[in-house]
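Taking it in order: structure first as structure tokens, then the write-up.
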Amino acid sequence: MKDSLLTQIEKLEQKIKTTDISAEARTVKEWGGADVIIKERLDRDVKNWLGNQPLVISLQNTEPRRRAVITNCAKELSWLFYQLKGIFFERIDYISKYDFYGLLAQSAIDHITKSKETQDAKPLLLAVLNTAKGFCEDEPPA
């Protein structure tokens with residue numbers, strides 16, 4: 001039987017807390033999708049992309065806009081986004097992906113702004129993972 005979303009999130013949380021995922025994350029491509037980019041540096045291309053915000057009329061619950069998460073932990077955060085993509089793939093569709101990844105990105109941006117980012121990825125990953133838990137709340141019973 002497949003683990004519930006919350007169980008999968010809890011396993012991922014334990015992995016983040018007990019394992020140095022940096023080596024695993026080194027092989028991951030920086031995230032780009034659903035109007036979210038994760039990068040180590042804010043370059044001209046990202047600035048242009050952010051400056052060209054599209055007019056969006058949709059059923060999104062979050063503010064429809066592009067978000068760039070600029071962090072020293074870009075590989076680790078991208079790794080987490082890919083992990084969450086695998087966990088939530090059956091729950092996310094062509095509209096909800098913008099809400100899901102937009103909220104995850106915004107929680108990362110908020111965490112980085114508040115914490116004056118360090119090289120330790122764990123607090124950032126756990127903050128974003130906590131946001132992802134909110135998407136488990138309306139999970140249908142097994």
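Arg41 sits among other residues whose Cβ lies under 12 Å from its own Cβ, and their net charge, with Lys and Arg +1 and Asp and Glu -1, is -1. Under a 5 Å amide H cut-off, with hydrogens placed 1.01 Å from N, Glu40 pairs with Thr71 among residues at least 5 apart or on other chains.
Annotation: Lys11 carries an accessible surface of approximately 120 Å², with a 1.4 Å probe and no ligand, DNA or RNA atoms counted.
Exposed loop sites were defined as chymotrypsin sites (Phe, Trp or Tyr not before Pro) in DSSP loop states (anything but H, G, I, E or B) carrying at most 13 other C-beta atoms within 10 Å; in the chain the longest segment without such a site runs 1-88.
Relative to the 2.2 N^0.38 Å rule of thumb, segment 63-116 has a C-alpha radius of gyration ratio of 1.16. Taking Cβ atoms as reference points and 12 Å as the exclusive limit, the residues near Gly51 contribute a net charge of +3, counting Lys and Arg as +1 and Asp and Glu as -1.
Of the residues Ser115, Ser78, Ser107, the one that moves most in a GNM of the chain with alpha-carbon contacts below 10 Å is Ser115. Separation of the alpha carbons by more than 23 angstrom is noted, of Lys47/Lys75; Lys47/Lys116; Lys11/Lys116; Lys11/Lys114, for Lys11/Lys116; Lys11/Lys114. A convex hull fitted to the Cα coordinates of segment 14-53 yields 101 cubic angstrom per residue.
Net length available on complete extension from Thr19 to Asn72 is 17.2 nm, with 0.36 nm assigned per residue and the Cα-Cα distance removed.
The largest-to-smallest principal axis extents of the Cα set in the chain are 46, 37, 27 Å.
Taking all protein chains together and a 1.4 Å probe, the residues Glu10, Glu63 rank Glu63, Glu10 from largest to smallest accessible area.
The values are calculated or read from the model by the stated rules, or taken from the named source; none is laboratory data. Every value quoted in this text rests on a predicted model; they were computed, and no experiment measured them. Neighbour counts are summed over all protein chains in view; Cβ atoms, including those assigned to glycine, are modelled from backbone coordinates with ideal geometry. Each accessible area value is taken on the protein alone, full model and side chains, heavy atoms only, with ligands, DNA and RNA left out. Shrake-Rupley method; radii C 1.70, N 1.55, O 1.52, S 1.80 Å.
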